[in-house]
1. Near the amide H of VAL152, under 5 Å away, which other amide H atoms are found, from residues 5 or more places off or on another chain, if H is placed in the peptide plane?
2. I need the shape label for region 220-270. Rule: rounded when a/c is under 1.5, else prolate if a/b > b/c, else oblate, with a, b, c from the alpha carbon gyration tensor.
3. So the label point goes 7 Å from the Cα of GLU235 along Cα→C-beta, right? Which residues of region 346-382 then have their backbone N under 16 Å from it?
4. Can you work out the FRET efficiency for the pair LEU410 and THR191, with r the C-beta to C-beta distance and R0 = 22 Å, to the nearest 0.05?
5. Which value, in Å² and to the nearest 10, is the accessible area of VAL152 when all protein chains are kept and the probe is 1.4 Å?
6. Accessible area of CYS131, 1.4 Å probe, to the nearest 10 Å²?
7. Evaluate the distance, in nm, between pseudo-label points positioned 7 Å from the Cα of ASP271 and of ASN106 along their respective Cα→Cβ axes.
8. With all protein chains present, how much of the accessible area of the chain (probe radius 1.4 Å) comes from carbon and sulfur, to the nearest whole percent?
Amino acid sequence: MNYEATNLDPIPQGAYPTLTPFTGAAPPLPTAWECVALLHPFSPLQSTSTPEDAANPFFELCVTYINYQAGDFLSAQVFGISGRSWWYIVGEGGTSVSTDSGQTFNSVDVGWSLPDPNSGWFGGQAQNANCAGTSPLNWMNTQEVNWWSIPVGTTTPPAATWMWFDAQSNAPVRMMFGQGPLASPSMGDPTQLALFQMFSFTYFSSFTVLQQTSVPTIMEFPNFPGFSAGPNNFELFTWNLNFGMTVFMTPVNQTFNPLPTRVLYIWKPDDAYQVTADRSQNTLMKSTYNPNAGYTAQEALLTGPAPDLVPPPSQPWPPPGSDNSFLINYNGNEVTRCVSGSAGFLFPEEGPTWVSTPTPDGPIGAIQACIFDNPVLCPGNTVMIVGVQFPPGVPIPPSTTTNYPDSTYLWTWYSPISPDGTSSRPVTFMQSQSQLGEGTSLALADYFYYEEFDSWLDPANFEIPPECSLEPSE
């Protein structure tokens, strides 16, 4: 499909997110500060989890209040949505933890070190950090943030930790650790940030630089405007059957910058499902900020999985090839490479109710918390925080998931459109422990433009290029 010449694509070019070049210095780690943050775990507890794991907060959604004094301590009071709480104090001599509201503390080896302002937020990797540019996080955030990536671990290609800092104040806004703890899910790395590194995704509700601080007294729960655990009478969302949106796709591969992306999605009802274009998804990712990628754009063309239903008598059903997928590289208008499902690109289109896929324990997804009109995270909006557990048996590369063999999380934020939340607009989507070395190793989607169409998308948007076939290609 000729993306430069077509008028069929309904998404305007001006709707793609953009990065403004950044030329400043790395953000400093203040010598004294306090914050309230929301911590998303890498994985739920699993069949392989140890009693030590189960005793820690690293497997559930948590809210934390942290205050820090350089050279002295980092105090983190952590509150899980299960109702449990922990109070960690990290000092030069090690870490101690209390699980009885500060009455007693016990030394614990979790592999953390007291953060050092000389090393900064990047744990001594400042010389290898890269700022991709400046942009809002998504459609509901008005503040501009700087997008920093930092190599972590010893993988090839290097995994990335991403951190976002307010462009005006240099305060941290969000963190995404691309690689979980390596020794065990409960043992960290002294060269990375204490506590934060144990969770895949962190959002800061507040961050305040102080002149000086001291270890606080125990608190009941941090001041987190609008946060409420549980579904709060909302239901799991169902995708609209005919929509388009733009996205920043961010990789966990440190050699790539975010990709301005357009997504078109169509899922016609059973009685209208006659050709592959009736159930298809076209994701076009542009290499605007990756000039050395070897292609100007990459298209993931997915078609609906073949349902196990009785075919209508008037036509073959489901349509032939309806469970295939293609990853297509473009240089301008020229197709330079096409990989089909038979060559290993095995990603059929997800149906509109994918988050409600049943398992023996209930739906695969669950609304774990909501945030109402938080002035930093969702001003004027409501967010449902949905955790989607990869079911056991789904293959994930052991090189990056040794400690999570049963499952990892998909974390996604949706903003309700309908009163019950079944119709919702996406805000962000993150896959913990994303696979390294597969394409650009995408781990994160931040959503910008979104439109639900009254008329079905033109099937030409989902045409399979003639250069592609169902056979493996090199």
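1. Long-range HN contacts for VAL152: ALA159, ALA160, THR161.
2. Working: a/c = 3.41, a/b = 1.22, b/c = 2.80.
Oblate, because a/c is 1.5 or more while a/b does not exceed b/c.
3. Under 16 Å, as judged by backbone N against the label point of GLU235, lie 352-358, 363-367 of region 346-382.
4. The computed FRET efficiency comes out at 0.20.
5. Per-residue accessible area (VAL152): approximately 10 Å².
6. The accessible area comes out at roughly 20 Å².
7. 6.4
8. Its accessible area is 52 percent carbon and sulfur atoms.
The values are calculated or read from the model by the stated rules, or taken from the named source; none is laboratory data. Worth saying up front: this structure is predicted, and the values here are computed from it rather than measured. All Cβ positions, even for glycine, are placed from backbone atoms using ideal geometry, and neighbour counts span all protein chains on display. Please note that ligands, DNA and RNA were not included when accessible areas were found on the heavy atoms of the full protein model with its side chains. Shrake-Rupley method; radii C 1.70, N 1.55, O 1.52, S 1.80 Å.
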